[in-house]
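S.K.: Below: one structure in structure tokens.
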Amino acid sequence: MAGEGSKKLWGGRFAGETDKLAEAFNNSLDFDRRLWREDLDGSRAHARMLARQGILTEEEARAILAGLDRIEKEIEAGAFPWRDEYEDVHMNVEARLTELVGEVGGKLHTARSRNDQVATDLRLWLRRSLAGIVEAQQELARVLVAEAERHLEPPVVLPGYTHLQRAQPVLLSHWFMAYYEMLSRDTTRVLDALFRMDESPLGAAALAGTSFPIDRHYTAEQLGFLEPMRNSLDAVASRDFVLEALSAIAIGQLTLSRLAEELVLYSSFEFGFVTLPDAFATGSSIMPQKKNPDIPELIRAKAGRAIGDLVTLLTVVKGLPLAYNKDLQEDKEPVFDAVDTYTSSLKLMAALLPGLTWHPEVTKRAATGGFALATDLADYLSRKGLPFRRAHAVVGRIVRKLQEEGRDLDDLDLDELRSFSELFDEDALALLSVEGSVSSRNVYGGTAPEQVRARIAEAKKELEEDGS
Ligand code: ARG
């Protein structure tokens, strides 16, 4: 069913009316008004450049700049008349400008198109938003390092897992630092994206450049870009800068989802390693014993959104012919959503972690049980000269026997050990402690306290340098 039409207020090439449903479908104001600040900045740079090049008179440029200032105040005060009949933020600003300063407002769009305008606005917006993300990442990084340091003395030990089977004991600090390393790489990915998007599309106009003698280097510099983009078709057609941001965000949200998942598991009754702070959990409406890890669960789930946002835009851009296509209007909602999602997830994770209560007796018991120290015994035998494969087999026999008898490694005494291999001596018993096991992994990047302490010290320096 076609909607009732209204007179087209813009463009004016068609005398006919636009279908109401089509108009609503085409409208992007609801979401792209978020770009208003960047739109004003872009327009100011453009107007100044037009005057500098003699394309506008100084007086015209002054009137336009004054109008843009008034619009800024109106928007900030919530007094700006946003109107759906001007389908997006760009046309709303321009229409208002003309109302405020008269006919001369129409001269702002000289040598410009919404195609280069929107690409410029979005780069400016993303630049600012990604800088905010890097800040939130660094805050979380500081929390991770602080938590790692806090649990180093006395050292908290927990089981490390492979296949979610108890594998070998590790320091809780080492676990925290693993997430620190992942997060640091997530940050460098965002910085990489920022680096490559540092070019200005402004002046590419609709797609081919313009016949006016504009200065694209000047506007690029005014807007804080490194340089203008070198090809006008590319400038209006490309959204790889958004895709890179979305991809860095999706990967970053994956890191958070893994951390969140471990918190969900470790705070369960079955693990009992950690208790979530009340402020970040909820009770059940019918089961009084429950404390639900809602916040970690949501952070885990929001990885789905972030991935969806990336896949949405990848799919939109795939196969698009050069140059601008209206399809590209669909870049905004995913990127706004991804930025909001990741920023709030980072902040919540940073707020939640310091409130965790770890239970070192429980984690230590778990790290001791389940034959988590079996590798240490095998390593011992191979240090005594037994080929590792054979050592592995000997310890395998020990584990099987103990399992059959419902016992664990720390039930062993020296006599029983020696019944499996003559190579066992008194010092083997020391290996059956988690502390001994952890300390023995004293290799670069390993979980021994000495290694972890050194890495924490380095990380603190890295964060100081980034913060300055
Ligand atoms: N709202 C549009 C967008 O977001 C602005 C550019 C429109 N350009 C055009 N030629 N229709 O992409």
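The values are calculated or read from the model by the stated rules, or taken from the named source; none is laboratory data. These figures come from a predicted structure and were not determined experimentally. Every residue, glycine as well, gets a Cβ built from its backbone with ideal geometry; the counts of neighbours run over all protein chains shown. The protein model used for the area step is the full one, side chains on, heavy atoms only, and it has no ligands, DNA or RNA in it. Shrake-Rupley method; radii C 1.70, N 1.55, O 1.52, S 1.80 Å.
S.K.: Project the alpha carbons of the range 352-468 onto their principal axes and report the range along each, largest first, in whole Å.
M.R.: Its Cα atoms span 61, 32, 22 Å along the three principal axes.
S.K.: Pulled fully out, how much extra length does the chain show between residue 325 and residue 344, if you take 0.36 nm times their separation in residues and subtract their Cα-Cα distance?
M.R.: Stretched out fully, the residue 325 to residue 344 stretch lengthens by 3.7 nm.
S.K.: Related question: From the cross-link list 73/318; 302/332; 326/347; 347/460; 73/347, which pairs have alpha carbons spaced over 28 Å apart?
M.R.: 73/318; 326/347; 73/347
S.K.: A follow-up question, please. From zero outward in steps of 10 Å, how is the percent of C-alpha pairs of the range 205-286 spread across the bins?
M.R.: 13, 25, 17, 13, 13, 14, 5, 0
S.K.: Tell me the volume per residue, in Å³, of the convex hull enclosing the alpha carbons of the chain.
M.R.: Cα convex hull per residue, to the nearest whole number: 219 Å³.
S.K.: How many nm is it between the label spots at residue 30 and residue 188, if each spot is 7 Å from the Cα in line with the beta carbon?
M.R.: 4.1 nm
S.K.: Carbon-plus-sulfur fraction of the accessible area of the chain, 1.4 Å probe, in percent?
M.R.: 53 percent
S.K.: So for the pair residue 85, residue 62, with labels modelled 7 Å out along Cα→Cβ, what separation do we get in nm?
M.R.: Each label point is offset 7 Å from its Cα along the Cβ direction, giving 3.3 nm.
S.K.: While we're on this one: Quick one: accessible surface of residue 342, probe radius 1.4 Å, all protein chains present, in square angstrom to the nearest 10.
M.R.: 0 Å²
S.K.: Have a look at 329, 343, 373 and report the one farthest towards the positive end of the charge dipole of the range 314-423, computed about the Cα centre with Cβ charges (Lys/Arg +1, Asp/Glu -1).
M.R.: 373
S.K.: Let me ask something else. Let me have the relative contact order for the chain, percent, based on Cα pairs under 8 Å that are six or more residues apart.
M.R.: Working: 631 pairs, mean separation 72.5, N = 468.
Dividing the mean separation by the residue count of the chain yields 15 percent.
S.K.: Residue 73 versus residue 286, label points 7 Å from Cα toward the beta carbon: distance in nm?
M.R.: 5.9 nm
S.K.: So what is the calculated 222 nm ellipticity per residue for the chain, using -39500 (n - 2.57) for each DSSP H run with n of 4 or more, over all residues, to the nearest 500 deg cm²/dmol?
M.R.: Values: 19 runs with 281 residues, N = 468.
About -19500 deg cm²/dmol.
S.K.: Moving on. Read phi for every residue in the range 170-185 and hand back ³J(HN,Hα) as whole Hz from Karplus 6.51 cos²θ - 1.76 cosθ + 1.60, θ = phi - 60°, with x for Gly and Pro.
M.R.: Ordered by residue, 3J(HN,Hα) equals 9, 6, 4, 4, 5, 4, 4, 5, 4, 5, 4, 4, 4, 5, 4, 5 Hz.
S.K.: Would you rank 422, 76, 103, 199 by solvent-accessible area, highest first, keeping every protein chain in place and using a 1.4 Å probe? Intermediate values should be presented prior to the final figure.
M.R.: Details: 422 135, 76 110, 103 160, 199 40 Å².
The most accessible residue leads, giving 103, 422, 76, 199.
S.K.: May I pose another question? R0 = 45 Å: FRET efficiency of residue 389 with residue 435, Cβ-based, nearest 0.05?
M.R.: The formula returns an efficiency of 0.95 here.
S.K.: Leaving ligands, DNA and RNA out of it, rank 371, 273, 388 by accessible area with a 1.4 Å probe, largest first.
M.R.: Largest to smallest exposure gives the sequence 388, 371, 273.
S.K.: Could you tell me the extents of the range 225-374's C-alpha atoms along the three principal axes, largest first, rounded to whole Å?
M.R.: 64, 43, 28
S.K.: With the dipole of the range 368-468 worked out from charges on the C-beta (+1 for Lys and Arg, -1 for Asp and Glu) around the Cα centre, which of 443, 392, 423 lies farthest toward the positive end?
M.R.: Highest projection toward the positive end goes to 392.
S.K.: Using the crude model of +1 on Lys and Arg Cβ and -1 on Asp and Glu Cβ, and no other charge, please compute the dipole size for the chain relative to its Cα centre, in debye to 20.
M.R.: Its charge dipole is roughly 560 debye.
S.K.: So for the range 280-359, what percent of the C-alpha to C-alpha distances run longer than 14 Å? Don't jump to the answer; show the numbers that get you there.
M.R.: On the way: 2247 of 3160 pairs.
Value for the range 280-359: 71 percent of Cα pairs lie more than 14 Å apart.
S.K.: Calculated FRET efficiency, residue 405 and residue 358, Cβ-Cβ r, R0 22 Å, to nearest 0.05?
M.R.: With R0 = 22 Å, the Cβ-Cβ based efficiency is 0.10.
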